Every structure is written in C-alpha cells, then in structure tokens.
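Written out below as structure tokens is the structure these notes cover.
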Amino acid sequence: MLPNMKGWEWLIIVALILLLFGAKRLPDAARGLGRSMRIFKAETKGLAGDSSASAESAPAAVESASAAAPAAPAHDTTVPAASGEKPSDA
C-alpha cells in the first residue's frame, strides 16, 4: 500500500497529522523520538559489547572465583545468644 501512494495522498496524511497534534507539538515529539532512538541504539550496542566481553571473561572469572573461595559449611553452626537476644545475621 505504501509504495502505491502518490504525492497528494502523503499531503493529506501530513495535513491530518498537523490537525491532530498541532504544529507546536510536532517538533517536540520529533525531538523526543530522536532522543529515544539514540538512547535505544546506544543501549543495544552496549548490551552487545557487554555480552561479548562477558562471554570472553566468564571462564576466567569462574576459575579464579572457585579457586579463591573456601568451602562452605554443610549446615549452620551458629549458636543463639543465651540472653534472649536475636543472633545477628553475619
């Protein structure tokens, strides 16, 4: 449908948009749309860069974390306080 539209059909659509939104609000709307698109592009590039960088460094980080972390106890061995106070979560 869009490729078959002639110049006068586009003119009617533009006139309807101007009537609906007003000439004062259109530049602000276009500016906001442009900012949103820029932010979206930057975020998608950032996510793509983060995923590729994290995929490369993930095996090294897992190996170093498992080597440095001490073994966790199998169960909680803390004894509650005798004076009736709640034990602190450490």
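Values quoted throughout were computed directly from the atomic coordinates according to the rules given, and no laboratory measurement underlies them. As the structure is a prediction and not an experimental result, all values here were calculated from the model. Glycine also receives a Cβ, built like all others from the backbone with ideal geometry; neighbour counts cover every protein chain displayed.
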Expected output is a single nm value to one decimal: the length gained when fully extending between residue 20 and residue 50, i.e. 0.36 nm times separation in residues minus the C-alpha distance. What is it? 6.6 nm
For labels at residue 28 and residue 4 in the simple 7 Å Cα→Cβ model, what's the distance in nm? 3.9 nm
